[in-house]
1. Looking at ILE332, ILE337 in this structure, which one is in contact (Cβ under 8 Å) with a residue 60 or more places away in the chain, assigned to a loop (DSSP other than H, G, I, E, B) and within 18 Å of the chain's Cα centre (by Cα)?
2. Considering each residue of the stretch 118-147, count those that are touching a Phe, Trp or Tyr at 6+ places or on another chain (Cβ under 8 Å) and surrounded by 18 or more Cβ atoms within 10 Å (Cβ to Cβ), and give that number.
3. Restricting attention to the stretch 124-146, does a residue exist that is at pLDDT 95 or above, within 18 Å of HIS240 (Cβ to Cβ) and more than 21 Å from the chain's Cα centre (by Cα)?
4. For residues in the stretch 36-64 being more than 13 Å from ASN79 (Cα to Cα) and in a loop (DSSP other than H, G, I, E, B), which is farthest from the chain's Cα centre (by Cα)?
5. Being under 17 Å from the mean Cα position of the chain (by Cα) and assigned to a loop (DSSP other than H, G, I, E, B) is the filter here; which residues of the stretch 244-265 pass it?
6. Determine the pairs where a residue that is of a type in the set (S, T, N, Q), located within the stretch 81-97, has a partner that is buried (at least 18 other Cβ atoms within 10 Å of the Cβ) with Cβ atoms under 7 Å apart, the partner being 6 or more residues away or on another chain.
7. Has the stretch 78-87 got at least one residue that is at pLDDT 95 or above and surrounded by fewer than 13 Cβ atoms within 10 Å (Cβ to Cβ)?
8. Of the conditions (1) over 19 Å from TYR196 (Cβ atoms); (2) not in a helix (DSSP H, G or I); (3) not aliphatic (A, V, I, L, M), HIS274 satisfies every one except a single condition; which number is it?
Amino acid sequence: MIRKIIFCLVLWSSPALAQTPGEVKALIEKVNHYWQSTHPAPGHAFWDVAAYHTGNMEAYFLTGQEAYRLYSGKWAEHNQWKGARSTEKSEWKYTYGETDEYVLFGDWQICFQTYADLYNLAPDPQKIARAREVMEYQMSTPRKDYWWWADGLYMVMPVMTKMHKITGDPLYLEKLHEYFRFANGLMYDKKAGLYYRDAKYVYPKHKSLNGKKDFWARGDGWVFAGLARVLQELPENDKHRKEYIKIYTKMAKALKKSQQAEGYWTRSLLDPEHAPGPETSGTAFFTYGLLWGMNNGYLSKKEYAPTAEKGWRYLTGTALQENGKVGYVQPIGEKAIPGQVVDENSTAPFGVGAFLLAACEMYRFLDQ
């Protein structure tokens, strides 16, 4: 309780910050109203829009605002409860692709997270029929290299736990671990406790401008948030649970060390000069993951509350604009780009989704 009081006193030192659960809830509603009112069209089922819906559904579960559920439901129906729409399995691919034959590419599978959430609210087999068809076909193949880029861990790992929870099929958890182990062998730097975006960026083959290891903030944000979302629904007795927790807590330590004094994380985590200045998507995912860890007993409040508070201070004091827009979101890409302009007008659906996730966990933290 003393630690919580200290944390709240730090928050109260700035009148611009949400200070109570009720104020955080009002902030969630402000951000989501702005996004939904300025983006009335449902949009496609690809990762950039689908990632927003993971945050929107979390906001629905927290606030009970029916408009949020309806917004995601309209989006799901618009996309026929599918990702990529090819029906010819012999043509299905899992390398990068934005067309309908890339059914096995994780950026087309993240939509299944929201479809599963909507199914759980009002069960109807059609809502998860395509998810089952795609994921069960994928699991039937001998391949294990489906998650070859860091983003994919957020896109698909929670799909596996959600579908396991719905179907009871243990193969979802077996393949979750098999694919995760492959990804770790490809991208995880055990010494740093962080993930390269993909094999192209592994040190020393690739280096930052100053010759350092180049860990892209949003890429590690996808992984850190993805692990939190997996642990949320992974059975307590899962035989690989301790392995996920070990990597998650090691990432938390690395992220604490790499945070900037202003509360944000730079786009290249260990080389702030590579692409200096604030960035919201990575910062929001990290803040979400840290708050989630404290809320669920995986991280020490004494050790991590100051880090989360600084992240929240940046998100609400700099990233969030007066009208409800979430700014300073690095545009779609795969790396930290020197000289790229990221400012208060830089926004994107995935950045808003990450902000909503962080805000929901802040509400829960303050409401304990």
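The values are calculated or read from the model by the stated rules, or taken from the named source; none is laboratory data. It should be emphasised that the depicted structure is a prediction, and the values quoted were computed from it without experimental measurement. Cβ placement follows ideal geometry from the backbone for every residue including glycine, while neighbour counts extend to all protein chains displayed.
1. Values: ILE337 fails: within 18 Å of the chain's Cα centre (by Cα).
Sole residue among the options that is in contact (Cβ under 8 Å) with a residue 60 or more places away in the chain, assigned to a loop (DSSP other than H, G, I, E, B) and within 18 Å of the chain's Cα centre (by Cα): ILE332.
2. Number of matching residues: 10.
3. Looking through the stretch 124-146, at least one residue is at pLDDT 95 or above, within 18 Å of HIS240 (Cβ to Cβ) and more than 21 Å from the chain's Cα centre (by Cα).
4. Looking at residues that are more than 13 Å from ASN79 (Cα to Cα) and in a loop (DSSP other than H, G, I, E, B), I get PRO40.
5. In the first step, residues of the stretch 244-265 are kept if they are under 17 Å from the mean Cα position of the chain (by Cα); the result is 244-245, 247-249, 251-252, 255, 264-265.
Once the filter is applied, which keeps residues that are under 17 Å from the mean Cα position of the chain (by Cα) and assigned to a loop (DSSP other than H, G, I, E, B), the stretch 244-265 yields TYR264, TRP265.
6. Final answer for the pair search is SER86/TRP92; SER86/VAL103; THR95/PHE105.
7. First, the residues of the stretch 78-87 that are at pLDDT 95 or above: 78-87.
Now narrow it down to the ones that are surrounded by fewer than 13 Cβ atoms within 10 Å (Cβ to Cβ): 80, 87.
Among the residues of the stretch 78-87, at least one is at pLDDT 95 or above and surrounded by fewer than 13 Cβ atoms within 10 Å (Cβ to Cβ), which makes the answer yes.
8. That leaves (1) as the condition not met.
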